[in-house]
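One structure below.
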Amino acid sequence: MSSARVTPDQPGERVGATTKNQVQATLSDTRGFRNQLRAWLENHRASCVDSTSRLVRQPLGSFFTCLVMAVALSLPMGLALLLENVSQLGGSWQRAAQISLFLELDAGDTYGELLRDKIAEHEHVAEAQWISREQALTEFQEQSGLGEALRELPDNPLPGSILVTPEVIDKDALVALLDELKNMPKVQQAQLDLMWIERLAAILQMGEQFIFGLSVLLIAALLLVVGNTIRLHIENRRTEIEVIKLVGGTDGYVRRPFLYMGVLYGLVGGVMAWLLLAYGLNWLNDSVVQLAQLYGSEFSLSGVPIEDGFSLLLGAVLLGYIGAWLAVARHLRELSPR
Amino acid sequence: MIRFEQVAKRYPNGHVGLHELSFRVRRGEFLFVTGHSGAGKSTMLRLLLAMERPSAGKLLLAGQDLATITNSQIPFLRRQIGVVFQNHQLLFDRSVFANVALPLQILGLPQDEINQRVSLALERVSLKDKALQAPTDLSTGQQQRVGIARAIVHQPALLLADEPTGNLDPRLAAEIMSVFEDINQLGTTVLIASHDLALIARMRHRMLTLQRGRLIGDGEAV
C-alpha cells in the first residue's frame, strides 16, 4: 500500500480533486489495479445477485413478465421455423417445377439416354430422368385404369420423355432453361407449370413479409414490456437511487442492477420461448405427419435447431438489455438529484 | 474551502432562492446556517451538492467552480462530501451495516476495507452493536446516527447536514451535535443548516443567518 493512503481516522483532503481523472488518480494511489478490478467484478457480482434475488422475491410477477416475453418471442420464431420446415420440402417443389420434354416418336432409347446425359450436365439442372415409351405406357396403364383399352391399341401412342429437375426455382431462370431445352433436336414439346411456381413464390414471399412485420411489432411490444417492468422497479427504488446519487454513485452504478434485471428477464423469457417452441412443434408434428401421409409423403416437422435456439436466447437477452437501458436512461433524467 | 461570491439562485417560476450571497468558509471550520423556512438554507445545501446550479455569481468548493462543473464530474465531487438528512434517507430493505457501507461500495473499495471502515464509523456514533439490525429496529435518534455514520464513513473533507436534529428531542439533539463536534475535531469542515437557535447558541460556533435568501448575519452564535 502507498503511504498516501488516507487512514480511517483522518478526514479526506481531497475536495477539489473533482475531475474524474483526478479522483481516479487519488483512488489509484490507495489501491492497486488488481484491487480495483476485484472491486469492479465484486460490484457486478453484487448487482447480478441483487437483481436475481429481487426477481425471485416476486415470483408471480417475474413469471408473467417472462411468459409475455416468451409468447412474443415464440410467435415469429415459430412461424419462421414452420416456413423453414416447409422450405425443406424443396425436393417436392423441385419435382413440381419439373420440366417435361416430350421427344418425337421416332427418337429411340439410345438417343433419349444420350440427350438425358447431355441435359444432366447443364449447370442449371439438378437431375434428368429418361422415361422410355414402354415405361410411359406401363405407368399410364397402371395409373389410369385403362389397361385393357390401351392393350387393344395397335401401337404405343406415348412418346419417350425426359423429366428435368431444375437446380433453382426461379421464374426467369426456368423460362430461359425451358427455351433452351425445347430447341434441342427431336424435342417435340416442353412443358412447365409456371403459374404454380409463381403462386408458390408469392405465398412464400408473403409469408416472409408477414413474419418480418410481426417480428417488428412484437420486438416493439417486448421493449415496452421490459421497459415498463423496469420502470416499476425504478419507481420502487426511487429513494435508493436518490441516496446513491447523493453519495457519489454514477449513472452507470445506478443503471447496472436494472440492466442485469433486463438481461435476466430476457434470458428466462428466451429459455421459456425455446421450451414453448420445442413443445409446440412436437405437439403439431402428429397432425402434420398424418396430413403428409395422406399425400404419400413422409414429411415431418423438425424441432428447434440448436443454433436457432441459441440465436433466440441471444436475441431475448439483447432485447431485455436494450429495453432496460432505454427505461433507465429515460427515468434517470427525470429523477432528482442530477 | 467554500467561497460564495455574489451567488444568486432564481427558479423558472420567478421565485428567488438566494440573493447575491457572499461569504467564505475555512477548511476545518464548524458553522451553522440558520433562518426561517424559505430563508434559503436548503437551497444553499443543494447548490453545494451540485443538485442545482447558481443562476449568477461564483460558487467555489476547494477551487472547483460549481457553476461550470460538468454532469459527469458531479458524482466524483459528491464522493468528497458527506450529507446528513433530516429524514435520515436510510434504506430500510437492508441492514445498518449495508446502509453505512454504501458510499464505500460506490468507491469500489475491497470488502475487507469496507468492513474495517464501517466498523470504525459505527463505533464513532456508538452503534457498533447494531450493525446487523434493520434500521426499522432502531429509535429515531439511532437512525439519525446511522445517517451520520454513512456520511462520515468515506472520510469526507466536508460534512453537510440539513436540519439533522429537526425530529429529535433536546437530549438526543445535543447527543447528535456532540457527534458532529467530534468529527469536526478530526479536521472535517462541518456545515449544518438548522433553525434550532437554542441549540446553536449553546455550541458557540460561527453562524450565518439567512432571511428570504439574503445573508443578514455572520458571526459567533450567542
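The values are calculated or read from the model by the stated rules, or taken from the named source; none is laboratory data. Since we're looking at a predicted model, the values are computed, not measured. Virtual Cβ from ideal backbone geometry, glycine too; neighbours counted across all protein chains shown. Calculation scope for accessible area: heavy atoms of the full protein, side chains included, ligands and nucleic acids excluded. Shrake-Rupley method; radii C 1.70, N 1.55, O 1.52, S 1.80 Å.
The set of residues from the range B:7-45 being aliphatic (A, V, I, L, M) and surrounded by fewer than 17 Cβ atoms within 10 Å (Cβ to Cβ) comprises B:Ala8, B:Val16. The test for being open to solvent by less than 30 Å² (accessible area, probe 1.4 Å) and farther than 24 Å from A:Ala201 by Cβ does not hold for A:Gly108.
Between A:Leu312, A:Leu267, the distinction of being away from chain B (no Cβ under 14 Å), in contact (Cβ under 8 Å) with a residue 60 or more places away in the chain, in a helix (DSSP H, G or I) and touching a Gly at 6+ places or on another chain (Cβ under 9 Å) belongs to A:Leu312 only.
Screening B:Ala149, B:Ala193 for residues that are within 24 Å of A:Gly248 (Cβ to Cβ), within 14 Å of another protein chain (Cβ to nearest Cβ) and in contact with a helix residue (DSSP H, G or I) (Cβ under 6 Å, 6 or more places away or on another chain) leaves exactly one candidate, B:Ala149. Among the residues of the range B:100-118, those that are more than 9 Å from chain A (Cβ to nearest Cβ) and under 23 Å from the mean Cα position of the chain (by Cα) comprise B:Val100, B:Ala101, B:Leu104, B:Ile114, B:Val118. Of all residues assigned to the range A:213-234, at least one qualifies as being away from chain B (no Cβ under 14 Å), surrounded by fewer than 20 Cβ atoms within 10 Å (Cβ to Cβ), in contact (Cβ under 8 Å) with a residue 40 or more places away in the chain and under 29 Å from B:Leu77 (Cβ atoms). Of all residues in the range A:290-309, those satisfying the criterion of being part of a helix (DSSP H, G or I) and open to solvent by 40 Å² or more (accessible area, probe 1.4 Å) are A:Gln290, A:Leu291, A:Gln293, A:Leu294, A:Ile306, A:Glu307. For the range A:318-333, the tally of residues that are among the aliphatic types (A, V, I, L, M) and buried (at least 19 other Cβ atoms within 10 Å of the Cβ) stands at 4.
Could you list, in sequence order, the residues of the range A:186-206 that are at pLDDT 85 or above and open to solvent by less than 80 Å² (accessible area, probe 1.4 Å)?
If we filter the range A:186-206 for residues that are at pLDDT 85 or above, which is where we start, we get A:186-191, A:206.
Result: A:Lys186, A:Val187, A:Ala190.
Could you say whether any residue in the range B:75-96 is more than 20 Å from B:Pro12 (Cβ to Cβ), small (Gly, Ala, Ser) and either open to solvent by less than 10 Å² (accessible area, probe 1.4 Å) or within 19 Å of the chain's Cα centre (by Cα) (or both)? Yes, that holds for at least one residue. Looking only at residues in the range B:56-76 that are touching a Gly at 6+ places or on another chain (Cβ under 8 Å) and facing chain A (nearest Cβ under 10 Å), the one that is nearest to B:Leu45 (Cα to Cα) is B:Leu61.
Suppose the filter is within 23 Å of B:Lys41 (Cα to Cα) and hydrophobic (A, V, I, L, M, F, W, C); does B:Leu186 pass it? Full working, then the answer.
Values: within 23 Å of B:Lys41 (Cα to Cα): no; hydrophobic (A, V, I, L, M, F, W, C): yes.
No.
Residues of the range B:1-60 that are among the β-branched types (Val, Ile, Thr) and either touching a Pro at 6+ places or on another chain (Cβ under 9 Å) or not in a strand (DSSP E or B) (or both): B:Val7, B:Thr43.
When you scan the range A:242-263, do you find a residue that is within 27 Å of B:Arg79 (Cα to Cα), β-branched (Val, Ile, Thr) and touching a Lys or Arg at 6+ places or on another chain (Cβ under 7 Å), even just one?
Scanning the range A:242-263, I find at least one residue that is within 27 Å of B:Arg79 (Cα to Cα), β-branched (Val, Ile, Thr) and touching a Lys or Arg at 6+ places or on another chain (Cβ under 7 Å), so the answer is yes.
The criterion of at least 1 residues that are open to solvent by 10 Å² or more (accessible area, probe 1.4 Å) and not hydroxyl-bearing (Ser, Thr, Tyr) is met by the following strands (runs of 3 or more DSSP E) wholly inside the range B:124-222: B:158-162, B:206-211, B:214-220. Can you say whether B:Pro54 is closer than 30 Å to B:Ile200 by Cβ and within 15 Å of the chain's Cα centre (by Cα), as far as the supplied structure shows? Taking the combined requirement at face value, the residue does not satisfy it.
Here's a check for you: in the range A:315-338, which residue that is part of a helix (DSSP H, G or I) and basic (Lys, Arg) is farthest from the other protein chains (Cβ to nearest Cβ)? Within the range A:315-338, the match that is farthest from the other protein chains (Cβ to nearest Cβ) is A:Arg330.
Which count do you get for residues in the range A:304-332 that are aromatic (Phe, Trp, Tyr) and closer than 20 Å to A:Val225 by Cβ? Residues that pass the stated criteria total 2. Considering only the range B:25-32, I want to know if a residue exists there that is over 14 Å from the mean Cα position of the chain (by Cα) and more than 14 Å from chain A (Cβ to nearest Cβ). No, because not a single residue in the range B:25-32 is over 14 Å from the mean Cα position of the chain (by Cα) and more than 14 Å from chain A (Cβ to nearest Cβ).
For the range B:184-214, what are the residues that are under 20 Å from B:Leu168 (Cβ atoms) and among the hydroxyl-bearing types (Ser, Thr, Tyr)? Result: B:Ser194, single match.
Screening the range B:83-123 for residues that are of a type in the set (A, V, I, L, M, F, W, C) and outside any helix (DSSP H, G or I) and picking the one that is farthest from B:Gly166 (Cα to Cα) gives B:Leu109.
Residue count for the range A:244-261, restricted to those that are at the interface with chain B (Cβ under 10 Å from one of its Cβ atoms) and not polar (S, T, N, Q): 10. Only residues that are of a type in the set (A, V, I, L, M) and more than 24 Å from the chain's Cα centre (by Cα) were counted across the range A:42-73, and they come to 5. Can you pull out the residues in the range A:50-75 that are of a type in the set (Ser, Thr, Tyr) and crowded, with 18+ Cβ neighbours inside 10 Å? Correct list: A:Ser51, A:Ser62, A:Thr65, A:Ser74.
Residues of the range A:240-271 that are open to solvent by 10 Å² or more (accessible area, probe 1.4 Å) and within 16 Å of the chain's Cα centre (by Cα): A:Val271 alone. The residues in the range A:278-289 that are small (Gly, Ala, Ser) and either open to solvent by 30 Å² or more (accessible area, probe 1.4 Å) or not in a helix (DSSP H, G or I) (or both) can be counted, and the count is 2.
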